[in-house]
Each structure stands twice: as C-alpha cells, then as structure tokens.
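Reading through the structure tokens given below for one structure.
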Amino acid sequence: MNDMQFTDRAVEQKETKIAAKDVNVHYGEAHAIKDVNVEIEDKTVTAFIGPSGCGKSTFLRCLNRMNDTIDVCSVTGNILLDGEDIYDKRVDPVQLRAKVGMVFQKPNPFPKSIYDNVAYGPRIHGLAKSKAELDEIVESALRRGAIWEEVKDRLDKPGTGLSGGQQQRLCIARAVATEPEVLLMDEPCSALDPIATAQVEELIDELRERYSVVIVTHSMQQAARVSQKTAFFHLGTLVEFGHTGQIFTNPEDPRTEAYITGRIG
Amino acid sequence: MSDTSKTSLLALTPRTKARNAAEKRFRAYGIAAIAVGLMMLIVLVTNIIGKGTGAFQQTFVTLNVELLESKLDKKGNRDLDDIKKVTTFGYNPLIRGAMEAKLAEIGIETDMKGKDLEGILSKGAVGQLREYVTTNPDKIGETVEFRFLAQSRVDGYLKGRVTRESIENDKAISVEQLELVDQLVDAGVIVKTFNADFILGADASDQRPEAAGIGVAMLGSLSMMLVVLALALPIGVAASIYLEEFAPKNRLTDIIEVNISNLAAVPSIVFGILGLAVFINYMHLPTSAPLVGGLVLTLMTLPTIIISTRASLKAVPPSIRDAALGVGASKMQSVFHHVLPLAAPGILTGTIIGLAQALGETAPLLLIGMVGFIASNPPETLVDGLLAPNSAMPAQIYEWAKRADPAFYERAWGGIIILLVFLVTMNTLAVILRRRFERRW
C-alpha cells in the first residue's frame with residue numbers, strides 16, 4: 001500500500017458546504033438510510049465507502065434529490081446546502097441540481113455531438129448570451145474535464161463514439177459546464193480501466209480547487225488516494241466519518257477496521 | 001466405481017444420439033412450418049395477381065363520331081341550355097351511325113341492327129359523348145375521334161373470361177356480336193390496353209362494371225388516414241408520455257394500463273357500433289363521411305400507437321434521463337430534449353403500422369355507412385373530402401365482391417392488389433425508418 005501516502009497530507013479546516021441532520025431514507029418498507037449526520041466541507045473531496053448495499057449511493061442521490069424520481073422513496077431529516085434546507089417545499093429540485101452536479105457510475109453521454117453534450121446544461125440554464133460565449137464555456141469545461149486536447153478537433157462527432165474513459169471525462173466536463181458548487185460522483189471509475197481511472201482521479205484532485213466533491217467508491221485505495229475526508233457506511237448507518245488518514249490508519253470503530261482490513265464487505 | 005470404463009470420443013453414446021436426433025427433428029419441424037407458410041403466401045400472391053391484373057387492363061373501341069348539328073343543336077345557335085335539353089337517348093343515333101360508318105370503312109358486312117351494334121359499347125358511351133358535347137359545344141358539326149369503353153362482356157371475351165359457350169343464356173351479348181368483335185379486333189378498332197381509370201376513376205353502377213374504378217374510394221381512405229394521423233398521433237403520443245414518464249404508479253394508472261391493452265384486442269366492429277352510436281346518432285355527424293370513418297379508426301388505432309410508443313419510451317435507457325436531470329434539466333426538458341428524439345423512430349414505426357391496420361379495416365365502416373355507398377363523384381375540396389359521403393378502399397372491394405356480375409369480381413381482386421401495394425409500402429417505410437434510426441446511444 002505504497003500509494004497511501006495520506007498521513008502527511010495537510011488538513012486544514014474549511015467551511016461546511018452540506019450539512020445532513022438525522023437523514024432517514026425509506027424505499028417503501030425498506031429502511032435504507034438510518035439517522036445519518038454528516039458535514040461535507042467546501043473545496044474538499046469527501047469519499048463515501050462501504051460494502052455493497054450499505055446506502056452510500058442512496059445517500060449521495062439524496063444530496064441533489066435524484067431520489068425524487070423514484071416513487072417509493074421517501075426522505076426525512078434535513079439536508080442543508082449553505083444553510084438552506086434542500087428538501088424545503090419552496091426548493092425546485094431543478095434549481096438545486098444546477099448547483100449540485102452529478103456524474104454517474106456508467107458514462108452516459110447524450111447521443112449527440114461532444115459540443116452539444118457540454119453545451120446542453122449552459123443552454124437550458126441560459127448561462128451564455130451568445131454563441132461565442134457558449135463556445136468559451138464549452139472549451140473551458142472540456143479543459144477542466146481534462147479532455148479538451150483529445151476532442152478539440154472533433155467537437156461535432158457524437159459523444160458516444162469516445163472510449164469509456166473519455167466518455168466519463170466528457171460527463172465530468174458536462175457536469176462542470178453548468179458551474180455547480182458541489183459535484184457528486186457515483187463510482188465514476190467502476191467502468192474504467194486503470195489508466196482512465198488514474199486520469200479521472202487526477203482530475204478529481206484538480207476539481208477540488210473549485211468545488212466540493214463527494215465521491216462514492218468501492219475501491220478503498222481510490223478513497224485513500226483522492227479524498228481528504230472519508231465516511232464509512234454500513235447497513236444504512238454512518239459508522240465513522242473523519243479525516244481520510246485517520247480512518248485508514250487509526251479507525252475508532254471496530255467495523256471500520258474490519259472493513260478496511262477486508263474482513264467484512 | 002465399477003462403471004467408470006472409458007468411453008471413446010469417436011463413438012456416440014446412446015444419450016448423445018437421442019439428443020442429436022431430437023434436435024434434427026425439431027429443425028425439420030421448423031423448416032416444414034416455414035415451408036408451409038411460404039407456400040401459402042406464394043399461392044395467395046399468385047392467386048391475387050393472376051385474378052387481379054386483368055382489372056388494370058380494359059377493352060376500348062375507337063370510333064369517329066360525327067357530331068350532327070341536326071341532332072344536337074336543331075336551332076343552330078349553340079345555346080348551351082338548348083344543347084343540354086338533348087338527353088343521352090338523343091345521342092344513340094350518333095353512335096349507331098359512327099359504328100356503321102366504321103364497319104363500312106373497313107369493309108365488314110353484317111346484318112345486325114343498330115341496337116346490337118351499339119351493344120358492343122358500354123352503356124356509358126352516350127354519357128361520355130354528351131359530356132364532351134356539353135363542354136365543347138363549338139365542336140358540333142365536326143367529326144371527332146372517341147375512345148369508348150367496350151361493354152364488360154366484350155372485355156371479358158378479350159380477357160378469356162367470356163366464351164361462346166358461357167353466353168348461351170346471356171341476354172347481354174350474342175354469338176353474332178362476338179363474331180363482329182373478332183373482326184373488329186383484327187381491324188384494330190377494338191384494343192385492350194392499360195386502364196388508368198381503374199386506379200383513378202369512380203365506382204360505377206351495377207350495369208357498367210367496365211367503368212368502375214377505385215380512385216374515389218382511395219381518396220376516401222386517404223381522407224380517413226389524414227383524420228387518423230391528425231388525431232391518433234398527438235393524442236396517443238401525449239397519453240403515452242404522460243403515462244410512461246409523469247403519471248404516478250398507483251392503482252388507477254394500473255387500471256388504465258390494463259384497459260389500454262384490452263382495447264387493443266377489442267374487435268373492430270365494436271368500435272364501429274360505438275362510432276354509430278356516438279358520432280352519428282348522438283353528435284349527428286353525416287353518415288358515410290370519411291370524417292366519421294376517421295374518428296372511428298382513430299379510436300381503433302389509439303391503443304396500438306400508445307402501446308408501441310410506451311414500448312419505445314421504455315427502451316430509452318434510464319441513464320439518459322439521469323444524465324439530463326443531473327445537469328439540471330426539468331422532467332419535461334429531459335423528456336422532450338432527450339427521451340422523445342430517441343424514441344421517435346419507434347413511435348413513427350408504431351404509428352405507420354397502426355395506420356396500415358386502419359387502412360385495411362372494413363368492419364367498423366359497415367356500421368357507419370361507408371360500405372355499400374357507391375362513390376361516383378370525386379370530392380372537390382378538402383372539406384368535401386371529409387364530410388361528403390364516400391367509400392374506402394376495403395369497403396369498395398367488399399362492395400364489388402358481392403355484386404353479381406363476374407366483371408366486378410375481377411375488379412375486387414384488382415382493388416386488393418392496390419390495397420396491398422399501399423400496405424406493403426407503408427410497412428416497408430416502417431422497416432426502413434426502424435433500421436435507419438434504431439439505437440443511436
């Protein structure tokens with residue numbers, strides 16, 4: 001585990017971006033998330049780890065209300081974004097999702113051109129006043145997605161024609177094009193090979209400068225490599241939350257230790 | 001332990017043999033089934049083509065008619081009102097004279113009387129002549145060449161349907177007339193050629209099968225398709241999008257869903273009686289109108305369109321919806337910007353197939369009076385086309401098939417060919433669309 005050089009990573013205190021208080025999620029009868037309290041900091045990469053079915057993806061989808069699309073899902077408790085409750089009746093989930101972008105497990109570019117993929121968000125939110133401005137937004141988003149050099153000559157080609165890793169970076173570019181404040185990533189590297197994974201991880205580290213990034217991952221190495229804070233979920237409860245270095249070297253809860261050392265999973 | 005004797009790979013065990021035999025048998029069943037199906041298709045197609053192609057040809061008699069002023073315009077002042085006073089009956093002598101003149105010109109001698117000579121032509125010949133004179137009164141006094149339809153027995157004789165033996169008890173034609181027809185064919189006066197009027201023309205009365213065409217009924221069918229397309233597509237697509245993307249999943253939507261599937265299986269005659277009760281008896285829309293036919297067929301087509309649209313919406317991967325929602329698109333934006341364009345080829349295919357189904361439907365038209373109506377005048381305007389009584393292609397075919405004269409029978413088969421051409425074209429279009437745009441993600 002040479003790559004886990006997190007112990008000497010500088011950790012400074014930042015302000016809270018998202019605060020979850022007593023969040024419970026039910027899927028019909030099933031109680032998927034139980035009393036989760038967590039504070040996600042700004043300009044920080046927070047990793048959610050835990051065995052399959054522990055509720056980490058479910059909780060992630062609560063943060064931009066993607067669970068609204070599932071009929072049987074009900075969320076209780078408070079999730080505050082900059083102090084405002086995102087489950088307040090007055091909040092339009094569409095406006096929320098413009099602030100809290102999301103990248104999915106499987107790369108899912110629209111079956112349109114690369115340009116249109118990135119330009120779609122800015123277009124529907126009216127971020128660009130002219131074609132030139134839109135071009136600029138698309139270019140800077142693709143640069144931030146670390147894919148500009150590869151696609152700049154074929155912006156009019158379909159996004160679905162790219163390789164898996166390129167598609168995922170395109171999806172990240174698409175997500176950052178709408179200037180979100182928080183970026184949620186649901187196992188963004190699970191469908192990618194190690195090289196593409198490394199590229200995406202590098203990208204995540206760069207994104208930290210501007211956004212608060214929350215990443216769900218199955219790979220503990222990945223969590224250790226990219227995150228500053230780590231939350232360990234088990235059977236729907238948040239078992240432990242703290243600095244990544246501390247979670248991986250000196251976990252307080254025996255379950256965390258058991259998971260990290262491979263005894264539960 | 002004792003029966004672990006080694007078996008050779010080269011010799012088949014009885015179990016393998018039985019398995020292979022079963023597979024061979026199954027393949028044979030499959031091939032036999034396909035062969036039977038293909039054979040029936042071939043029999044059907046050859047039968048239809050064999051019996052129907054005759055309808056596209058018709059026998060014509062070319063005559064030079066002298067438009068005598070003494071008969072048509074006694075006062076000689078070319079007053080249209082006066083000319084119109086001469087009934088078709090008054091035109092008979094002209095045709096008789098033209099026939100006699102033609103015989104004299106090519107040197108055929110016959111002792112037949114004028115009435116029998118006229119009998120070779122269609123009963124519509126005088127009408128055709130009168131129509132020409134009333135629209136071109138200045139031609140009176142001149143000799144004009146006309147191409148008249150031969151009567152259906154003569155046509156049947158040239159096509160081999162009518163023989164000297166078969167007309168023994170037939171009052172419509174005699175053996176002597178057939179002799180004369182033979183001579184006229186040799187002289188090139190009577191010819192059998194392609195007949196565009198069958199495709200473009202109007203239906204004719206029982207007495208004149210030779211003049212009947214499917215064109216007006218075709219317009220009736222097209223008007224109905226227009227109504228179906230204009231109503232069923234938007235209603236069907238809107239209903240499907242709502243049910244598939246927006247509606248909450250509860251007991252009520254479950255009931256609606258089940259009932260839409262049930263509606264697709266309701267016999268079409270039921271829709272016909274519904275149309276009769278609602279559109280004609282209650283709403284007092286005109287009977288036999290393509291508008292009503294279109295409304296009834298819309299009801300019938302809606303379930304088909306809804307089912308296929310919902311299937312193609314379902315086939316769009318949910319990741320596309322997630323992606324759109326993830327960048328902050330609203331539900332409606334995600335549907336209209338991303339889901340619907342991807343589902344469009346499937347929706348279009350379903351719509352075309354639904355339309356093709358509606359095009360071939362006869363039973364509901366029975367009850368709203370479109371079957372049995374003799375579509376003799378083409379509609380002049382679009383409104384006319386929707387509201388004026390008309391027939392439809394399958395209804396016209398049914399109408400011809402039940403008439404007594406065997407000449408109509410041939411036209412029924414011909415009509416089937418035209419209908420099939422339409423259906424095959426539409427289905428091909430659906431297949432092409434599906435191939436072309438399928439699965440772009």
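The values are calculated or read from the model by the stated rules, or taken from the named source; none is laboratory data. Given the structure is predicted, the values throughout are model-derived calculations rather than measurements. Neighbour counts are summed over all protein chains in view; Cβ atoms, including those assigned to glycine, are modelled from backbone coordinates with ideal geometry. Side chains included, ligands, DNA and RNA excluded: accessible areas come from the protein's heavy atoms. Shrake-Rupley method; radii C 1.70, N 1.55, O 1.52, S 1.80 Å.
May I ask you to verify whether B:SER240 is away from chain A (no Cβ under 14 Å), farther than 20 Å from B:PRO303 by Cβ, modelled with pLDDT of 90 or more and assigned to a helix (DSSP H, G or I)? No.
Going by what's in this entry, would A:THR58 be described as part of a strand (DSSP E or B) and either among the polar types (S, T, N, Q) or over 19 Å from B:HIS338 (Cβ atoms) (or both)? Please lay out each step first, then the result.
Working: part of a strand (DSSP E or B): no; either among the polar types (S, T, N, Q) or over 19 Å from B:HIS338 (Cβ atoms) (or both): yes.
Taking the combined requirement at face value, the residue does not satisfy it.
If B:LEU359 satisfies every condition in (1) in contact with a Ser or Thr (Cβ under 7 Å, 6 or more places away or on another chain); (2) open to solvent by 10 Å² or more (accessible area, probe 1.4 Å); (3) among the aliphatic types (A, V, I, L, M) but one, which is the exception? Here B:LEU359 meets the rest and fails (2).
Can you spot a residue in region B:64-71 that is assigned to a helix (DSSP H, G or I), touching a residue at least 12 places away in the same chain (Cβ under 8 Å) and either under 39 Å from the mean Cα position of the chain (by Cα) or over 28 Å from B:ALA196 (Cβ atoms) (or both)?
So the first thing to find is which residues in region B:64-71 are assigned to a helix (DSSP H, G or I), and the list is B:69-71.
Now drop any that are not touching a residue at least 12 places away in the same chain (Cβ under 8 Å), which leaves B:69, B:71.
Then keep just the ones that are either under 39 Å from the mean Cα position of the chain (by Cα) or over 28 Å from B:ALA196 (Cβ atoms) (or both); that gives B:69, B:71.
Yes, that holds for at least one residue.
Taken over region B:326-339, the residue count meeting the criterion of being at the interface with chain A (Cβ under 8 Å from one of its Cβ atoms) and touching an Asp or Glu at 6+ places or on another chain (Cβ under 6 Å) is 0. What do you reckon, is A:SER74 closer than 16 Å to B:ALA323 by Cβ, over 17 Å from the mean Cα position of the chain (by Cα), surrounded by fewer than 20 Cβ atoms within 10 Å (Cβ to Cβ) and of a type in the set (Gly, Ala, Ser)? Spelling it out, it is not the case that A:SER74 is closer than 16 Å to B:ALA323 by Cβ, over 17 Å from the mean Cα position of the chain (by Cα), surrounded by fewer than 20 Cβ atoms within 10 Å (Cβ to Cβ) and of a type in the set (Gly, Ala, Ser).
Is it true that A:ARG90 is more than 22 Å from the chain's Cα centre (by Cα) and either within 12 Å of chain B (Cβ to nearest Cβ) or loosely packed, with under 15 Cβ neighbours inside 10 Å (or both)? Give the derivation first.
Values: more than 22 Å from the chain's Cα centre (by Cα): yes; either within 12 Å of chain B (Cβ to nearest Cβ) or loosely packed, with under 15 Cβ neighbours inside 10 Å (or both): yes.
Here the answer is yes, as A:ARG90 does meet what is asked.
Just for region B:243-267: of the residues that are in a helix (DSSP H, G or I) and within 14 Å of chain A (Cβ to nearest Cβ), which one is most open to solvent (accessible area, probe 1.4 Å)? Selected residue: B:ARG251.
Tell me, which strands (runs of 3 or more DSSP E) wholly within region A:153-243 include 2 or more residues that are open to solvent by 10 Å² or more (accessible area, probe 1.4 Å)? It would help to see each step written out before you state the result.
Numbers: elements: A:182-186, A:212-216, A:229-234, A:237-243.
Per the criteria, A:229-234, A:237-243.
Residue selection: B:ILE417 satisfies the criterion of being open to solvent by less than 50 Å² (accessible area, probe 1.4 Å), farther than 18 Å from B:VAL371 by Cβ and under 10 Å from the mean Cα position of the chain (by Cα). Taking region A:97-138 as the range and being more than 10 Å from every other protein chain (Cβ to nearest Cβ), farther than 15 Å from B:SER334 by Cα and touching a residue at least 12 places away in the same chain (Cβ under 8 Å) as the test, the residues that pass are A:SER113, A:ILE114, A:TYR115, A:LEU127, A:LEU134, A:ILE137, A:VAL138. The residues on offer are A:ASN117, A:ASN108, A:ASN64, and the sole one that is part of a loop (DSSP other than H, G, I, E, B), in contact with a Lys or Arg (Cβ under 6 Å, 6 or more places away or on another chain) and buried (at least 20 other Cβ atoms within 10 Å of the Cβ) is A:ASN64. Sub-8 Å Cβ pairs linking a first residue in region B:306-325 that is facing another protein chain (nearest Cβ under 10 Å) and among the basic types (Lys, Arg) to a second residue that is open to solvent by 40 Å² or more (accessible area, probe 1.4 Å) and part of a helix (DSSP H, G or I), at least 6 apart or interchain, are B:ARG321/A:THR69, ordered by first then second residue.
Just the residues that are small (Gly, Ala, Ser), over 21 Å from A:THR44 (Cα atoms) and in a helix (DSSP H, G or I), please, taken from region A:244-265. Matches in region A:244-265: A:ALA258 only.
Return the total of residues in region A:12-29 being at pLDDT 90 or above and of a type in the set (Gly, Ala, Ser). The qualifying residues number 2. For region B:126-145, the count of residues that are touching a helix residue (DSSP H, G or I) at 6+ places or on another chain (Cβ under 6 Å) and farther than 30 Å from B:ASN77 by Cα is zero.
Taking the residues in region A:28-45 that are in contact (Cβ under 8 Å) with a residue 12 or more places away in the chain and of a type in the set (A, V, I, L, M) as candidates, determine which candidate is nearest to A:MET185 (Cα to Cα). Out of the qualifying residues, it is A:VAL45. The numbered conditions (1) hydrophobic (A, V, I, L, M, F, W, C); (2) surrounded by fewer than 23 Cβ atoms within 10 Å (Cβ to Cβ); (3) in contact (Cβ under 8 Å) with a residue 12 or more places away in the chain are all true for B:PHE336 except (3). Whether any residue in region A:59-78 is facing chain B (nearest Cβ under 9 Å) and touching a strand residue (DSSP E or B) at 6+ places or on another chain (Cβ under 6 Å) is what I want to check. Yes, that holds for at least one residue.
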